[in-house]
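Input: a single structure, listed below in structure tokens.
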Amino acid sequence: MTEAAIKTTDLTKEFRGLRAVDGLDLEVPRGIVFGFLGPNGAGKTTTIRLLLGLIAPTAGRAEVLGFDTRTEACEIRARVGALLEHDGLYERLSAEDNLEFYARIWRLPPQARRDRIKEILTHFGLWERRRERTGALSRGMKRKLAVARAVLHRPPLVFLDEPTSGLDPVAAASLREDLRSLAEREGATVFLTTHNLDEAEKICALVGVIHKGRLLAVGSPEELKARGGERLEIAGRGLDERVAALLSARNEVLAITREEGRLTLDLRPGADQAPLVRAMVEAGVEVEEVRKTRASLEEVFLALVEEERR
């Protein structure tokens with residue numbers, strides 16, 4: 001079994017009585033994009049700071065790339081890449097000179113520096129803009145350059161804290177695609193924090209949901225969506241209140257939503273849709289379309305958070 005890139009056991013951090021991270025047990029395999037999902041203030045950034053050894057835990061322990069965060073934090077930081085609150089870019093320097101500066105810090109040999117800078121700027125679509133002053137680049141381009149800076153030295157693990165935050169939809173989608181292809185091409189583990197559920201669903205192989213410092217669930221996007229059960233969407237004529245009442249009384253149906261000419265049924269796990277369709281036809285409904293779907297990742301996330309609040 002491949003050694004985990006990250007492993008935590010009962011990891012806890014308190015600030016003046018406030019538990020920002022609460023007994024976190026987490027294992028992140030190597031070579032995947034892992035999404036750490038949660039609203040602002042959920043404990044995502046604090047977790048990254050703990051994993052980088054920038055702050056000490058109140059209790060519990062964590063290992064990153066096999067190193068203990070309490071006693072071997074320098075070893076961890078020497079091997080990973082990170083993009084946290086600040087992008088680390090010098091706006092008076094060009095994109096190329098920014099990466100040259102960081103490549104020297106990482107002690108890349110001269111030819112390796114030149115080759116890697118060209119490779120990474122080309123990957124992010126910035127090679128033609130390499131000599132422009134960084135301060136003159138668009139927000140999306142700066143964010144791409146910041147990610148390029150974090151992965152420049154080919155780290156086996158990179159931490160990205162809300163990398164698409166504040167970007168317009170086109171720039172965010174472009175950066176997501178860049179991250180996905182980068183992880184696939186270089187085999188790095190990407191630990192990505194986000195509150196963008198659509199983003200996580202598109203690029204993450206595994207996601208963890210955190211709320212008020214507590215880990216609520218871990219799994220692939222499909223596994224988490226399966227926890228929300230299945231849905232049946234029916235379009236047709238005659239889907240009135242009488243039919244809705246008939247269906248809501250059936251054991252297979254957990255909840256029902258009615259719109260003009262359409263019903264959405266939340267089904268129990270394993271429920272058979274055929275008897276439901278037959279019951280509608282027998283009730284006089286002219287069924288035009290039947291579609292089986294699952295709850296979205298956002299809906300499952302909201303359900304998990306609501307369950308935790310209760």
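Read-outs: derived from the displayed coordinates by stated rules, not from any lab. Remember, predicted model here, so these are calculated numbers, not experimental data. Positions of Cβ are generated from backbone atoms using ideal geometry, with glycine treated the same way; all protein chains shown enter the neighbour counts.
Some observations on this one:
- Relative to its residue count, the stretch 242-310 spans a Cα convex hull of 117 Å³ per residue.
- Lysines with Cα under 22 Å of Lys7, excluding same-chain neighbours fewer than 8 positions away: Lys44, Lys212
- Among beta bridges identified by DSSP and lying wholly in the stretch 115-253, the antiparallel ones come to about 50 percent.
- With Cα atoms, 0 to 90° folded angle of helix 297-309 axis to the chain main axis: 90 degrees
- Exposure proxy ranking, count of Cβ atoms within 10 Å, fewest first, for Lys142, Lys44: Lys142, Lys44
- Per residue, the chain reaches -11000 deg cm²/dmol at 222 nm when only DSSP H runs of four or more residues are counted, each adding -39500 (n - 2.57).
- Loop-located GluC sites (Glu not before Pro) in the stretch 1-77, at most 16 other Cβ atoms within 10 Å (DSSP): Glu3, Glu72
- With the convex hull drawn around the C-alpha atoms of the stretch 149-233, the volume per residue stands at 136 Å³.
- Cα centroid separation - the stretch 134-157 against the stretch 261-310, whole Å: 43 Å
- Calculated FRET efficiency, Asp272 to Ser220, Cβ-Cβ distance, R0 = 25 Å: about 0.45 to the nearest 0.05.
- The alpha carbons of the chain occupy a box of 77, 48, 38 Å along the principal axes, longest dimension given first.
- The angle between the Cα long axis of helix 169-186 and the longest principal axis of the Cα atoms of the chain comes to about 70 degrees, rounded to the nearest 10.
- Here Thr47, Thr134 are placed in order of increasing Cβ neighbour count within 10 Å, fewest first, which gives Thr134, Thr47.
- Taking the charge dipole of the chain about its Cα centre, with +1 at Lys and Arg Cβ atoms and -1 at Asp and Glu Cβ atoms, the residue from Asn40, Ala103, Phe67 reaching farthest to the positive side is Ala103.
- Considering only beta bridges that DSSP places wholly inside the chain, some 70 percent are antiparallel.
- Förster radius 30 Å - calculated FRET efficiency between Tyr90 and Arg30 (Cβ-Cβ, nearest 0.05): 0.40
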